[in-house]
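The values are calculated or read from the model by the stated rules, or taken from the named source; none is laboratory data. Not measured: the values here are computed from a predicted model. No Cβ is skipped: glycine too gets one built from the backbone with ideal geometry, and neighbour counts run over all protein chains shown. In case anyone asks, the SASA skips ligands and DNA or RNA and just uses the protein heavy atoms, side chains included. Shrake-Rupley method; radii C 1.70, N 1.55, O 1.52, S 1.80 Å.
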Amino acid sequence: MSNAPIGVFDSGVGGLTILQAIREHLPNENLLYVADSAYAPYGRLPKDVLHKRCSHIARFFVQQGAKAMVIACNTATAVMAEWLRKEFDIPIVAMEPAIKPAALATRTGKIGVFATENTLKSDRYRKLLAEYAKDKKIFESSCNGFVELVESGDLTSVQAFQLVEKYLQPMIDEHIDVLVLGCTHYPFLAPLMRKISSQQVAGNQDLQIIHTADAVSLQLTRVLAENDLLNFKDQEYVKYFTSGDIQTAERVMSILLQEDINIQEII
Ligand code: DGL
């Protein structure tokens, strides 16, 4: 069982930010990655469709013999994690926006949160704010268009810069000093965020940009260890699947991961 794969999925290519961290933390593990790009963005998908897609992908992982699953998507976690945990027997590791570390890190008491509409509306996220950031001022944005930019592999164009600036500059003007990336697509745009924010933040400190890829990988490591599921043999494969167009996915994922990727279809 311990050399069985771990299934990792997202609405699209955003979860690759999590997959990269898992590959660093757990280099022996065999991995299956599903990009549900035909249905991205999940951030504005009706709940019943989200429900169907998440259960379909989870069943696919189980059929492939997966020993654990990672929901590499804040939106799917916010809406579906509890249900998936009830329905499926394998350990499931999920995400949440890094509100707690952000609340500990801020000095201005002002935190920016970039996450999808569904995540920002979710009870899970509201509870996090109530628990850890009651005394902080929170600036939220669902950053319409970011997911589409990353899905098209555009991380560097003038249009990408302008779109990121449109959402980030008003928060910098409000003196946030910490920015939470509560969507797994957004870390791919962090270099642009750094460019825009450099030297503009209070006290000339760099804006702290926080996301949870390392925390999720550590949590996965703990969960595998607790369940005696760590793989001590060498990694045999990382397999990629998409519900979207294969050629586009191969092009975009190869840009994002900076290696040549072969992709199979999942319907
Ligand atoms: N990457 C996802 C997240 O973490 C979903 C983005 C989307 O498809 O809207 O929320």
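A few notes on this one:
- Check on ALA66, more than 15 Å from the ligand (Cβ to nearest atom), buried (at least 19 other Cβ atoms within 10 Å of the Cβ) and part of a helix (DSSP H, G or I): no
- Residue in segment 44-56 that is of a type in the set (Ser, Thr, Tyr) and away from the ligand (no atom under 12 Å from the Cβ) present: yes
- Number of the exception - ALA72 against (1) under 23 Å from GLN264 (Cβ atoms); (2) more than 16 Å from the ligand (Cβ to nearest atom); (3) in contact with a helix residue (DSSP H, G or I) (Cβ under 9 Å, 6 or more places away or on another chain): (2)
- Residue pairs meeting the criteria (Cβ under 8 Å; at least 6 apart or on separate chains; first on the phi > 0 side of the Ramachandran plot, in segment 162-191; second surrounded by fewer than 24 Cβ atoms within 10 Å (Cβ to Cβ)): HIS175/THR108; HIS175/LYS110; HIS175/VAL201; HIS175/ALA202
- Flag if TYR39 is open to solvent by 30 Å² or more (accessible area, probe 1.4 Å), in contact (Cβ under 8 Å) with a residue 12 or more places away in the chain and within 16 Å of the ligand (Cβ to nearest atom): yes
- Apart from one condition, ALA94 fits all of (1) of a type in the set (Gly, Ala, Ser); (2) more than 16 Å from the ligand (Cβ to nearest atom); (3) under 21 Å from ALA76 (Cα atoms); the exception is (2).
- LEU50 part of a helix (DSSP H, G or I) and surrounded by 20 or more Cβ atoms within 10 Å (Cβ to Cβ): yes
- The listed residue being out of contact with any helix residue (DSSP H, G or I) (no Cβ under 6 Å at 6 or more places or on another chain), closer than 17 Å to ILE18 by Cα and of a type outside the set (Lys, Arg), out of ALA105, ALA98: ALA98
- Yes/no for PRO27 being more than 13 Å from the ligand (Cβ to nearest atom) and open to solvent by less than 10 Å² (accessible area, probe 1.4 Å): no
- Residue within segment 232-242 that is more than 19 Å from ASN28 (Cα to Cα) and either in contact with a strand residue (DSSP E or B) (Cβ under 9 Å, 6 or more places away or on another chain) or open to solvent by 40 Å² or more (accessible area, probe 1.4 Å) (or both) present: yes
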